[in-house]
1. Quick one: if the Förster radius is 30 Å, what FRET efficiency do residue 271 and residue 204 give, using the C-beta to C-beta distance and rounding to 0.05?
2. Under the √(5λ) rule applied to the eigenvalues of the Cα gyration tensor, what semi-axes describe the equivalent ellipsoid of segment 191-319? Give them in Å, descending.
3. Test of understanding: what is the full-extension gain from residue 9 to residue 176, defined as 0.36 nm times their sequence separation minus their Cα-Cα distance?
4. Taking 7 Å along the Cα-to-C-beta vector as the label spot, tell me the residue 83-residue 111 distance in nanometres, rounded to one decimal.
5. In segment 1-44, which residues have a backbone nitrogen under 12 Å from the label point lying 7 Å from residue 96's Cα in the Cα-to-Cβ direction?
6. So if I take the centroid of the Cα atoms in segment 256-312 and the same for segment 163-181, what is the distance between those two points in Å?
7. Suppose each label sits 7 Å from its Cα in the direction of the beta carbon; what would the residue 190-residue 245 distance come out to in nanometres?
8. How many percent of DSSP beta bridges within segment 191-319 run antiparallel, rounded to 5?
């Protein structure tokens, strides 16, 4: 396996590369190439995963064990899931692949300081417009040691066989041969504030506004639902801010001293203070509009504001699906008799 097959940098990939870098990796590459500020990183491609799994398959089956499972039999799925995840977590990577990953990781260092990274699953079936696969695999934040990066990559591969992920694939009848896992390794943002942004109202479907939600600290508290975020509605064209819902944000996620994330209490004077200024809201609006124009459709975006520089950084962008799917749904359900279908349109027949 060559380095080009196993490692790809964000600047070299885009959405067209999703089969080998997964949905998250393809999106981060696409954003990078579009000139959107994204923390630097690389992807451990699906070729590395395939090689790793194929070596395990030579000793005992993996994919075929998944395909015979009944999507409703959670007990059986749980037994197989635990066994497969344990096998993957315990298996060492090939030496050549380890060297390539560690060399790429070292390239992320700034001024000789070892990078602190997020290690994020990037499945080939996630973040597509017709699938809701995102969030079923693992993400690890604030990974500090190179050897821990290798372990977290294996954990991401193993999470492809979680109960939730396997159940979803069986319900959707995804063939296992077409399912693979890439892994994103990306420099962490030491976020003062982070959250999500929708370039279309998630509650009404209004395309003329951008909804921004945020809280203090790392965005994992918002995405995981552990804190009620502040919420603003911003006019996409006008920049007006007609809705300002400032919540009581009791906790925030912060870097743990030895790596990982810890939950800490928010200082009393910050709990009910807005976590974004108007200037920052307008900066997010500008980025959201740019991303939406690039993709040509409404987006669901994860963002963070760097504690030290104050720069807006994007961590992910995926297609908005709820209202977009409603837009494409047929206005009238087709009838078995074509004549009845025509009459239902013009004559009010249900």
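1. Details: r = 29 Å, r/R0 = 0.96.
In this case the efficiency is close to 0.55.
2. 25, 16, 13
3. Numbers: separation 167, 0.36 × 167 = 60.12 nm, distance 2.65 nm.
Contour length minus the Cα-Cα distance gives 57.5 nm.
4. The modelled label-to-label distance comes out at 5.3 nm.
5. Within reach of a label on residue 96: 1-6.
6. If we compute the Cα centre of each part, the gap is 32 Å.
7. In this crude spin-label approximation the distance works out to 3.3 nm.
8. Details: 34 of 35 bridges.
Among the beta bridges of segment 191-319, antiparallel pairing accounts for roughly 95 percent.
Read the figures in this text as sums done on the coordinates, not as results from a lab. Everything numeric in this text was worked out from a predicted model, so none of it was measured. Cβ sites come from the backbone with ideal geometry, for glycine too, and all protein chains shown count toward neighbours.
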